[in-house]
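Participant: Structure below; questions to follow.
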Amino acid sequence: MARPKKLRKITNPPKIKGFSPIRPFQGNGSSPVLLDYDEFEALRLSDYELKSQSEAAVEMGISRPTFARIYE
């Protein structure tokens, strides 16, 4: 039996629901990239706020290894 998923603290949820290209992409038909709130928060803390994984994990209320799994 799997462990229950621990709640994660999201301090700044995204203000918009998505992006779309200005002109349609005529590429290989790839599918859109979807981010969960915890993935968005991990990217925001690590890349935008420039926090270390340990600092970001503390802010989200999770362990550093869990943060690393979300971030990858």
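Participant: With a sphere of radius 14 Å drawn around the Cβ of LEU50, what net charge do the other residues whose Cβ falls strictly inside it have (Lys, Arg +1; Asp, Glu -1)?
Facilitator: Spelling it out: positives minus negatives among the neighbours equals -2.
Participant: Continuing with this model, one more query. Can you give the net charge of the other residues whose Cβ lies under 14 Å from the Cβ of LEU7, counting K and R as +1 and D and E as -1?
Facilitator: Combined, the nearby Lys, Arg, Asp and Glu give +1.
Participant: Moving on to the next point. Starting from the Cα of ASP47, step 7 Å along the direction of its Cβ; do the same at LYS9; then give the gap between the two resulting points in nm.
Facilitator: Spacing of the two 7 Å Cα→Cβ label points: 2.4 nm.
Participant: Suppose R0 equals 25 Å. What FRET efficiency, 1/(1 + (r/R0)^6) with r the Cβ-Cβ distance, do ALA2 and VAL33 give to the nearest 0.05?
Facilitator: That gives a FRET efficiency of 0.45.
Each reported figure results from applying straightforward, stated rules to the coordinates on display, with no laboratory input. On a predicted model such as this, the values are computed, not experimentally measured, just so you know. Positions of Cβ are generated from backbone atoms using ideal geometry, with glycine treated the same way; all protein chains shown enter the neighbour counts.
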